[in-house]
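Notes follow once the structure below has been shown.
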Amino acid sequence: MTKRERVTVDVTELPTVVFGHRALLWWGTWGFAVAEGMTLVLSIATYFYLRRNFQAYPPQGYPRPDWIAPTVGMAIFLATCIPAYLVKKSAVRLDRSATTRWLVILSVCSLVLCAVRTVDFYALRVLWMTSAYGSIQWVLLGFHGSLLLIEVAEVIGTTALFVNGPVLPRHYPDACDIGNYWYFLVLSWLPIWFIVYIGPRIW
Amino acid sequence: MTAPTLVIGEPVPVDDRAEREQMDRVWGSKPGFWGWLTTTNHKEIGKRYITTAFIFFLLGGIEAAMMRTQLSRPENSFLGPDKYNQIFTMHGTTMMFLFAVPIMEAIGLYFVPLMVGTRNVAFPRLNAFGYWLFLIGGSFLYVQFFLNTGPDVGWFSYVPLSGPQFSPGKRADTWAQTITFTEIVAIVGAIELIVTIFKQRAVGMSLNRIPIFVWAMLVTAFMIMFAMPAVATASMYLALDRLVGTHFFNPAEGGDVLLWQHMFWFFGHPEVYIIFLPATGLVSTMLPAFTRRPVFGYPAMVLALISVAFMAFGLWVHHMFATGIPQLAASFFTATSTMIAIPSGVQIFCWLATIWSGRPRFATPMLFILGFIFLFVIGGVTGVMIASVPFDLQVHDTFFIVAHFHYVLVGGAVFPLFGAIYYWFPKVTGRMLSEKLGKWNFWLFLIGMNMTFFPMHWLGFYGMPRRVYTYLASTGWGPLNLLASVGALVIAISVIVFLVNVVTSLRHGEIAGDNPWDADTLEWATTSPPPPYNFLHLPVVQGRSALWDEGDEHQVAVGTSTERREVLLTTTLDAQPDSRESHPHDSIWPLAMALAIGVLFITAIFTPLALPIGAVLGFIAFAGWAWPTRQDVESESDEKVSLEGA
Amino acid sequence: MAGALLACAGCSLHNTQNALDASGPQSQRIEGLWWLFLPIAAVVWVIVIAVMLWGAARKRSPREGMETRGGAEVVVRDEARDRRMTRIVAGGVIVTVVILFLMLVADFRVGQALTMAPGTQAVPIKVTGHQFWWEVQYPDSVPNKTVITANEIHIPVGVPVVMELTSLDVIHSFWVPSLTGKKDLLPGYRRSLWFRADTPGVYRGQCAEYCGLEHAKMSVLVIAQKPQDFEAWRAAQLDSATTPSDSLALRGKTVFMGTTCVMCHSISGTSAAATAGPDLTHVGSRRMIAANTLPNTDANLYAWISDPQRIKPGVLMPATKLDPRDMQALVAYLRHLK
């Protein structure tokens, strides 16, 4: 380096832990959400593309999916946004005990949602190998279900950290990101629930 | 000896040895094999990525040589149909999934942090994970190939040929899982690039000042985020049809063979721009150094990149013109496929204006740029031709198409890539490549390219379809095929010249210094090769051509920690200082996670037990990755938390 | 340049599988597009390369000086020159748009012409793709007047033909470059393609969608004949197979009916009615065998039936091991089936 160097900016006073879009992990979380969301969008497009191959939908002889249990399940999904919101609110206050409390509740919620998802599969009333109709219904549930499972692992892991482990300042914005991803999970389920369970009654 | 304190307004002391030692301690990788396994340094990982991707290029080239040998004579017996079909599938799959996209991303992962003036990519461990997963996925494909279970249904694996009924065995499953691996790797790389570019730019590098190469990588990363899920979804449907009896592609049960094509090409068309746009970024990076002026028309260049990225998603049906889609739909895709020539044209005209008004220097990278324009325009004009439905109905699935896409991919992406290697080899290794061998490399490659692929335009018209392991002598295709095969030999020689150049220059190349080309971007403001921390003091940028616009004095920002790894985050649009974020230490967990996921994907094609096993392994790796270590607790005990913007 | 030489070299080689030697209106219109596009492409390329090379090599005037900025030798910034270049680049973009638009117009006009259904009565033909042969039917409103054959399609010159295309296994593509652009044969779909041959001749085509091991050897012959010859051929195809009078061929028939042949092939007029493989009722009259891989000679038939895998490894026909005299008889019988 032959040029003279001169200091013109001093960042010593800048914070080292920040929230929201100021932090890197916020972007990473939404990045994965976008890629996964795109996959769900494509599966929804597949649903409508394959619909064209059928006169009746579900095809003749196959039962319509049950809609009551999954709608109750959808309501439960929506309700779990409340503990997610409260996790975020506590984390922003850097309140370890409140955050821990709501994370524990969120963990329980995540297991409840696994049970809901199992019921959702039964409510389909068809198997994946009964025609392309069954295949796409199962994949819509299954793909979203895999996102749910990954989120369960993340929530439980984070809860374990908050209950037991060395919580560092940066784990508070991380907990907020868990809340954000939770919203994505629930909101992305809404159109799928509608298409899978209500749809066959409409089109 | 402690490092001297740096004060705002003051010049930086010249003796920085103590400071450098301290930064080496903080940012350097651990020594030995363990250090090699645990490093999270983007340059180490970038070099591995580039080398691995280049090895796949060589393997793909060997496959090409075998194909050309078989086709050099009618009814040749060098390769039977089964071997040939595996080899052309491996050639396409290797080149598209294991070479072209990874190498462009890898170059981005190495050079974008340097060009934007930061110390590492945004998620260093995720980056390491991406590389290991790439290595595992690519190796998986080749191990299967050597075990005679390599895929044989073409790189685009059309159903029903690749479905359970017509491709028994594990060959097509191997293909589908390789896609799953490479898709995740690509998305990981894309997230790294987007977040690094948005949040970690040097102070003063507002969005309208980022180098065109960085724009190209940003735009490409967005394309990857939206395109890769399509091929992943398609390959998931295929794997499900094959392994558990779903009916996505089974017409007898309401499935649809065209569903595959739509889904694949919705990915497939953006895929070629994912390969091409970084190459245009490479050209825009190198041209200033070799014409002694910034690229002409920065706003037009940036808008061209963005519009190509959007338009690329609206072309895919032009791969399906022969399937009998309705005329109105086909016309729409003809129009969009033709329109995309406009932003590409804008880029070419801006480069021509740069060359015209600049003072060209004809070093090897510049030769590759000129060769790129020579070849890409040929591929571009044939591209506009095949946008026409009637025209395409003659040449689709013939060697005319093979000619077209090799001109745009080899000419349009590989030539800039070779130029970039000659350009950046000095920065990465500290030594120059030989100019003499470089010129031989270039001319042999250019001549070989044309000898191999130009005759193929005619072969297409004369009726030679693609993916044929042989042809009858009575077709008369022999002489042109022989010419093409000789051309392939010339290309092979040029690549050998290149390899000789690399190997000898690593030992005996001229020492490069910081900025041998007198270029304008920030990577040239540090040593060759750069230290683990990239810049001793983070640069502050004054203009688009960072080093040319800053005058006689290099401004720097100080204040990030020298006791632990820290990067400076700036605001997204204006690159004003916003926060300091601590970066993780080296870790073995990315490798562990890659192994867990590798086990999951590979065993999934053999047994459903893979899912619970993989889930458990993955969870363990995730726990190891995320749980704070003692080192973390020590170095992150004293944080300044800001709740602003929460 | 080299391209033109290559083109000429090719032209004379074979006008039976050549998109640049069109023998029907479909191919002719497309060929016309090529001869329009090629000069436009060549001129564009020449201009771009000329500008590039001239721009790179031209002598710089003293006015285009260098200065030092940031410690580097760079070209002096010149606002006026940059404004001029902006106008030129903009002009280039406009010219590009105009050229592209003209190409689009030409393309749409040809597209219109090609997809308009033929006005006059067209000959309907059904083609079904199989791995690795073409099932061909000439449907008729009277069912027993439907001709069933394979791999060799006869059509009358000057009369349009409408093909209905589908597949029973994987995707194939019907392509006879001298006559028409291609159309895919998709399982689960029925597609149609119309074309016309204006010159009598034997036109060769190949499957143009990778369909497995022997995609390379799945060819089709389209034989365009004078309308009266076509009708004669069609009438002959409707005849059932006769019992041969020659003893060798008669013995061959017994061999045929007694071996695995009947499991896949049909011969009308006999009890062989399987449809897994090509119909053999008139196999003796075809020019080639094995989906147009080998000329239809006794020696080739012998070799093919004994071991198809040697000629087309991966084809779905198994080897038939017969005593040489039985094989000769079989070949004689097939030769009889004209």
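Brief remarks follow.
- Cross-chain or 6+ apart pairs with Cβ under 6 Å, segment C:193-207 first and within 14 Å of C:V127 (Cβ to Cβ), then surrounded by fewer than 19 Cβ atoms within 10 Å (Cβ to Cβ): C:W194/C:P118; C:W194/C:V162
- Positions within segment A:67-89 being assigned to a loop (DSSP other than H, G, I, E, B), modelled with pLDDT of 95 or more and surrounded by fewer than 20 Cβ atoms within 10 Å (Cβ to Cβ), in sequence order: none
- C:T96 part of a strand (DSSP E or B) and without any contact (Cβ under 8 Å) to a residue 12 or more places away in the chain: no
Per-residue answers, yes or no, for (1) on the phi > 0 side of the Ramachandran plot; (2) hydroxyl-bearing (S, T, Y):
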| position | (1), (2) |
| --- | --- |
| B:A387 | no, no |
| B:I401 | no, no |
| B:F418 | no, no |
| B:Y423 | no, yes |
| B:G430 | yes, no |
| B:K436 | no, no |
| B:L446 | no, no |
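- Residues located in segment C:163-185, provided they are closer than 19 Å to B:V389 by Cβ, aliphatic (A, V, I, L, M) and touching a Ser or Thr at 6+ places or on another chain (Cβ under 8 Å): C:M163, C:L165, C:L179, C:L185
- Subset tally (residues that are under 18 Å from B:V272 (Cβ atoms), facing chain C (nearest Cβ under 7 Å) and crowded, with 22+ Cβ neighbours inside 10 Å) for segment B:342-372: 2
- Looking only at segment A:40-57, residues that are touching a residue at least 60 places away in the same chain (Cβ under 8 Å) and either more than 10 Å from every other protein chain (Cβ to nearest Cβ) or within 28 Å of B:V641 (Cβ to Cβ) (or both) come to 2 in all.
- Odd one out for B:T338 among (1) more than 11 Å from chain C (Cβ to nearest Cβ); (2) in a helix (DSSP H, G or I): (1)
- In the set B:N441, B:N450, only one residue is within 13 Å of chain C (Cβ to nearest Cβ), under 21 Å from B:M95 (Cα atoms) and part of a helix (DSSP H, G or I); that residue is B:N450.
- Qualifying residue in segment B:633-644 (condition: without any contact (Cβ under 8 Å) to a residue 12 or more places away in the chain, surrounded by fewer than 18 Cβ atoms within 10 Å (Cβ to Cβ) and touching a Lys or Arg at 6+ places or on another chain (Cβ under 6 Å)): no
- Test: residue in segment B:496-503 that is within 13 Å of chain C (Cβ to nearest Cβ) and either in a loop (DSSP other than H, G, I, E, B) or touching a Ser or Thr at 6+ places or on another chain (Cβ under 7 Å) (or both): no
- The C-beta contact set for segment A:150-171 (first residue at the interface with another protein chain (Cβ under 8 Å from one of its Cβ atoms), second residue assigned to a loop (DSSP other than H, G, I, E, B) and charged (D, E, K, R), distance under 7 angstrom, 6+ apart or interchain) comprises A:L168/B:E636; A:P169/B:E636; A:P169/B:E639; A:R170/B:E636.
- Inter-residue pairs, beta-carbon under 7 Å, first at negative phi and in segment B:290-302, second assigned to a helix (DSSP H, G or I) and small (G, A, S), 6+ apart: B:R293/B:S357; B:V295/B:S284; B:F296/B:A353; B:F296/B:S357; B:M301/B:S284
- B:A596 surrounded by 14 or more Cβ atoms within 10 Å (Cβ to Cβ), in a helix (DSSP H, G or I) and in contact (Cβ under 8 Å) with a residue 12 or more places away in the chain: yes
- Within segment C:154-207, the only residue that satisfies the criterion of being part of a strand (DSSP E or B), among the charged types (D, E, K, R) and more than 8 Å from chain B (Cβ to nearest Cβ) is C:E164.
- Residues in segment C:253-278 that are of a type in the set (A, V, I, L, M) and either touching a Lys or Arg at 6+ places or on another chain (Cβ under 6 Å) or part of a helix (DSSP H, G or I) (or both) were compared, and the one that is farthest from C:W134 (Cα to Cα) is C:V255.
- Listed by first and then second residue, the pairs linking a residue in segment B:511-531 that is without any contact (Cβ under 8 Å) to a residue 40 or more places away in the chain and within 12 Å of another protein chain (Cβ to nearest Cβ) to a residue that is outside any loop (DSSP other than H, G, I, E, B) and not aliphatic (A, V, I, L, M), with Cβ atoms under 7 Å apart and 6 or more places separating them unless they lie on different chains, are B:D514/B:W524; B:N515/B:W524; B:A525/B:P539; B:A525/B:H554.
- Filtered residues of segment A:50-64 (kept if buried (at least 17 other Cβ atoms within 10 Å of the Cβ) and either out of contact with any helix residue (DSSP H, G or I) (no Cβ under 9 Å at 6 or more places or on another chain) or at pLDDT 95 or above (or both)): A:L50
- Of all residues in segment B:229-261, those satisfying the criterion of being of a type in the set (F, W, Y) and not in a loop (DSSP other than H, G, I, E, B) are B:Y237, B:W260.
- Selection within segment C:99-124 - in a helix (DSSP H, G or I), of a type outside the set (A, V, I, L, M, F, W, C), touching a residue at least 24 places away in the same chain (Cβ under 8 Å) and surrounded by fewer than 18 Cβ atoms within 10 Å (Cβ to Cβ): none
- Residues in segment B:503-536 that are more than 24 Å from B:W215 (Cα to Cα) and surrounded by 22 or more Cβ atoms within 10 Å (Cβ to Cβ): none.
- Elements of type helices (runs of 4 or more DSSP H) contained in segment B:75-171, each with 1 or more residues being polar (S, T, N, Q): B:81-93, B:124-146
- Filtered by the rule that a residue be among the hydrophobic types (A, V, I, L, M, F, W, C) and more than 20 Å from A:A91 (Cβ to Cβ), segment B:623-646 gives B:A623, B:W625.
- Residues that are aliphatic (A, V, I, L, M), under 18 Å from B:F226 (Cβ atoms) and at the interface with another protein chain (Cβ under 7 Å from one of its Cβ atoms) within segment A:22-39 comprise A:V34, A:A35, A:M38, listed in sequence order.
- Residue in segment C:209-232 that is at pLDDT below 95, more than 7 Å from chain B (Cβ to nearest Cβ), out of contact with any Leu (no Cβ under 6 Å at 6 or more places or on another chain) and in a loop (DSSP other than H, G, I, E, B) present: no
- The residues of segment C:275-287 that are within 24 Å of B:T470 (Cβ to Cβ) and either touching a Cys at 6+ places or on another chain (Cβ under 8 Å) or buried (at least 18 other Cβ atoms within 10 Å of the Cβ) (or both), listed by number, are C:G277, C:P278, C:R286.
- Just so you know, in segment B:560-593 the residues that are basic (K, R) and assigned to a loop (DSSP other than H, G, I, E, B) include one that is nearest to B:P164 (Cα to Cα), and it is B:R565.
- Leading residue by the ranking (surrounded by the fewest Cβ atoms within 10 Å (Cβ to Cβ)) among those in segment C:319-338 that are more than 27 Å from the chain's Cα centre (by Cα) and part of a loop (DSSP other than H, G, I, E, B): C:D323
The values are calculated or read from the model by the stated rules, or taken from the named source; none is laboratory data. Worth saying up front: this structure is predicted, and the values here are computed from it rather than measured. Please note: Cβ atoms are built from the backbone with ideal geometry, for glycine as well, and neighbour counts cover all protein chains shown.
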